[in-house]
Amino acid sequence: MTAALEPDTIIHESPYRGAEKVRELEALKAARCKVFTAKDALLVVDVQNDFMEQTPVYPNPLHPISESNLCSGEICSGALGVPGSSEIIAPINEWINAFSEAGSRVFASLDWHPLDHCSFCRNGTTASNPTHSHPKGAICGPQGKETENFDYTGKCTDEESNDAFETNTLMQWPNHCQQVGDAAFGSRFHPYLAVNPHFTVVKKGFDLTLDSYSAFGGVESKQGFPFDTEDDIESLKGQRDLKALIEEAGIERLFVVGLATDFCVLHTALDAVGKGQSNRSAPQGVKQVVMVQGAARGVIPALTSAALDQLAAAGVWLPTTASPDKTLEVVCEAGHPSTLHPPPKEEL
């Protein structure tokens, strides 16, 4: 039996209790890290038909698939089909379902261009870099003010495009993600992406003379589920942009997936940490940006590798995982983004 203490007995706290408290707090923090909350958001970048390679047809598509969109019984490759893009639909759907079940926000961006958009290649079907040509058109670039025989009539006039033109790094693309007409199928979400009515969708590149690789150049769509109807362009111009939407939601941790790693995903993630070419400031409150490599694909391998180095140097977390559970495990145990992908030596 333990003897009763006298009233004036001084009780000294164990010298080990402080260390125990630290360990308890670290364990609690680690546990919370591995759970999605209202402060987490998923950003699905440009998972649209025109960026998809040829894919099989399954029951219950998100929107109708006409005969004109079929090639040998499968959904035709888009105007700018990204290699390996069909491999990321299942993991992205897993992310969407995990966030939806947790009550966390899901944002998604759509390229949405007029028929003669400034980003479309003006040089016919002969690409400046034929190695990366696509069957339905040409990738023209990199090019700029010093490029011979470059037709830059009607080129984009946004800040990013002007800078690229001056530095001879401007890229132009096959006609893609068009707003209306027979080609409008290409601007829609992939038919088997797990889109739900709770998505917040932003549209970008809808102005004839302006483009944006980054989803942060997009504004909130006024259309509803399944997001395959037309918006009114003039009313879109007055909508809230993605940065405002993320700040209003109080997001602290942002996970980025989609297409393509070397262009739209790259610029979106850079803008999310305030280090993009557009000079946009990072959304207030966002403390961590995670680009999930296993749920993204790039267009050109060399550019994709360079994009990852650029993201690492900017402080973006780059797990090579695909699933939500494994990604959370890796990120929460890493401690620092450089553990996952060391920045280039000159950036250290």
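Considering Val299, Val289, the condition of being hydrophobic (A, V, I, L, M, F, W, C), within 18 Å of Ala41 (Cβ to Cβ) and crowded, with 20+ Cβ neighbours inside 10 Å is satisfied by Val289 alone.
Per-residue answers, yes or no, for (1) at pLDDT below 95; (2) in contact with a Gly (Cβ under 6 Å, 6 or more places away or on another chain):
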| site | (1), (2) |
| --- | --- |
| Ser278 | yes, no |
| Gly294 | no, no |
| Thr304 | no, yes |
| Leu308 | no, no |
| Pro319 | no, no |
| Ala322 | no, yes |
| Cys332 | yes, no |
| His341 | yes, no |
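Note on the range 197-221: among residues that are open to solvent by 20 Å² or more (accessible area, probe 1.4 Å) and within 23 Å of Val299 (Cβ to Cβ), the one that is nearest to the chain's Cα centre (by Cα) is Tyr213. Those helices (runs of 4 or more DSSP H) of the range 245-348 in which 1 or more residues are without any contact (Cβ under 8 Å) to a residue 24 or more places away in the chain and within 18 Å of Thr37 (Cα to Cα) occupy 324-334.
When the range 160-173 is limited to residues that are over 18 Å from Ser214 (Cα atoms) and outside any helix (DSSP H, G or I), the one that is most open to solvent (accessible area, probe 1.4 Å) turns out to be Thr167.
Scanning the range 279-296 for residues that are out of contact with any strand residue (DSSP E or B) (no Cβ under 6 Å at 6 or more places or on another chain) and closer than 18 Å to Leu340 by Cβ gives Lys287, Gln293, Gly294.
Selection within the range 174-186: residues that are at pLDDT 90 or above and open to solvent by less than 10 Å² (accessible area, probe 1.4 Å). The member of this set that is farthest from Lys145 (Cα to Cα) is Gly186. Within the range 189-196, none of the residues are in contact (Cβ under 8 Å) with a residue 40 or more places away in the chain, surrounded by fewer than 18 Cβ atoms within 10 Å (Cβ to Cβ) and either more than 24 Å from Pro61 (Cα to Cα) or touching a Lys or Arg at 6+ places or on another chain (Cβ under 7 Å) (or both).
Scanning the range 252-293 for residues that are out of contact with any helix residue (DSSP H, G or I) (no Cβ under 9 Å at 6 or more places or on another chain) and aliphatic (A, V, I, L, M) returns no hits. Counting only residues that are open to solvent by 40 Å² or more (accessible area, probe 1.4 Å) and assigned to a helix (DSSP H, G or I), the range 59-88 holds 4 of them.
Against the definition (modelled with pLDDT of 95 or more, in contact with an Asp or Glu (Cβ under 9 Å, 6 or more places away or on another chain) and not basic (Lys, Arg)), how does Gln288 come out, yes or no? Working first, answer last.
On the way: modelled with pLDDT of 95 or more: yes; in contact with an Asp or Glu (Cβ under 9 Å, 6 or more places away or on another chain): yes; not basic (Lys, Arg): yes.
When the stated conditions are applied, Gln288 passes them.
The residue that is most open to solvent (accessible area, probe 1.4 Å), counting only those in the range 145-159 that are modelled with pLDDT of 90 or more and touching a helix residue (DSSP H, G or I) at 6+ places or on another chain (Cβ under 9 Å), is Lys145. Please specify each residue of the range 89-113 satisfying the condition of being open to solvent by less than 20 Å² (accessible area, probe 1.4 Å) and touching a Leu at 6+ places or on another chain (Cβ under 8 Å). Scanning the range 89-113 gives Ile89, Ile92, Trp95, Ile96, Phe99, Ser104, Val106, Phe107, Ala108, Ser109.
Conditions tested, residue by residue: (1) of a type in the set (Lys, Arg); (2) open to solvent by 50 Å² or more (accessible area, probe 1.4 Å); (3) under 18 Å from Asp211 (Cα atoms).
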position: Gln223; (1), (2), (3): no, no, no
position: Glu234; (1), (2), (3): no, yes, yes
position: Gln239; (1), (2), (3): no, yes, yes
position: Leu245; (1), (2), (3): no, no, no
position: Gly258; (1), (2), (3): no, no, no
position: Cys264; (1), (2), (3): no, no, yes
position: Thr268; (1), (2), (3): no, no, yes
position: Gly276; (1), (2), (3): no, no, yes
position: Asn279; (1), (2), (3): no, yes, yes
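The values are calculated or read from the model by the stated rules, or taken from the named source; none is laboratory data. Model, not experiment: these values are computed from the prediction. Backbone-built Cβ (ideal geometry, glycine too); neighbour counts: all protein chains shown. Note: areas computed on protein heavy atoms with side chains; ligands, DNA, RNA excluded. Shrake-Rupley method; radii C 1.70, N 1.55, O 1.52, S 1.80 Å.
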